[in-house]
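**Student:** My questions will all concern the structure given below.
The values are calculated or read from the model by the stated rules, or taken from the named source; none is laboratory data. None of these values were measured; they are calculated from a predicted model. For neighbour counting, all protein chains shown are included, and Cβ atoms are generated from backbone atoms with ideal geometry for every residue, glycine included.
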Amino acid sequence: MKVLLDECLPRKLKYALPECGCHTVPEAGLAGKRNGVLLSLAEDEGFEVFLTMDKGLEYEQNLAGRKTAVIIFRARSNRLVDLLPLVPSCIGSIQGIGPGRLVRIDG
């Protein structure tokens, strides 16, 4: 599974998801792109899941017909210490999510 971490998430989060093939937005060469363009480019690059904390994404983007799924973390902050407890749920969601789907992981 090829996973893309949004710029709003700490880069070190990818090390908590080693089996998921995580890349950060800057590593993928997609830094500074807005959500709609970013999702399209992520699909073109073969990313299957996009991880973010952007709560507005689910209201701003129509995911129907998309190849990339979205997982939204809902934690106290985007600090690694607040996100790490959500990693087991994230891994489970990554394994079961399908294209164009959205999952919220509450912390």
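**Student:** If you go through region 78-107 one residue at a time, how many are among the hydrophobic types (A, V, I, L, M, F, W, C), part of a helix (DSSP H, G or I) and either surrounded by 18 or more Cβ atoms within 10 Å (Cβ to Cβ) or without any contact (Cβ under 8 Å) to a residue 60 or more places away in the chain (or both)?
**Tutor:** 5
**Student:** Mind counting the residues in region 27-61 that are closer than 25 Å to PRO85 by Cβ and not acidic (Asp, Glu)?
**Tutor:** In the first step, residues of region 27-61 are kept if they are closer than 25 Å to PRO85 by Cβ; the result is 27, 47-58.
Then drop every residue that is not not acidic (Asp, Glu), which leaves 47, 49-53, 55-57.
So the count comes out to 9.
**Student:** Right, another one. If you check ALA75, ALA69, which single one turns out to be surrounded by 12 or more Cβ atoms within 10 Å (Cβ to Cβ) and out of contact with any strand residue (DSSP E or B) (no Cβ under 6 Å at 6 or more places or on another chain)?
**Tutor:** Just one listed residue meets the conditions, ALA75.
**Student:** Moving on to the next point. If you go through region 30-57, how many residues are on the phi > 0 side of the Ramachandran plot and of a type in the set (Asp, Glu)?
**Tutor:** The number of residues fulfilling the criteria is 0.
**Student:** Filter region 2-27 for residues that are assigned to a loop (DSSP other than H, G, I, E, B) and free of Cβ contacts under 8 Å to residues at least 12 places away in the same chain and give the result.
**Tutor:** Residue satisfying the conditions is GLU27 alone.
**Student:** Being among the hydroxyl-bearing types (Ser, Thr, Tyr) and without any contact (Cβ under 8 Å) to a residue 24 or more places away in the chain is the filter here; which residues of region 28-58 pass it? Break it down stepwise before answering.
**Tutor:** In the first step, residues of region 28-58 are kept if they are among the hydroxyl-bearing types (Ser, Thr, Tyr); the result is 40, 52.
The answer is SER40, and nothing else.
**Student:** Follow-up. For region 4-60, give me each residue that is small (Gly, Ala, Ser) and surrounded by 21 or more Cβ atoms within 10 Å (Cβ to Cβ).
**Tutor:** ALA42
**Student:** Next up: Considering only residues that are under 12 Å from LEU102 (Cα atoms) and among the hydroxyl-bearing types (Ser, Thr, Tyr), look in region 38-62 and name the one that is modelled with the highest pLDDT.
**Tutor:** The qualifying residue modelled with the highest pLDDT is THR52.
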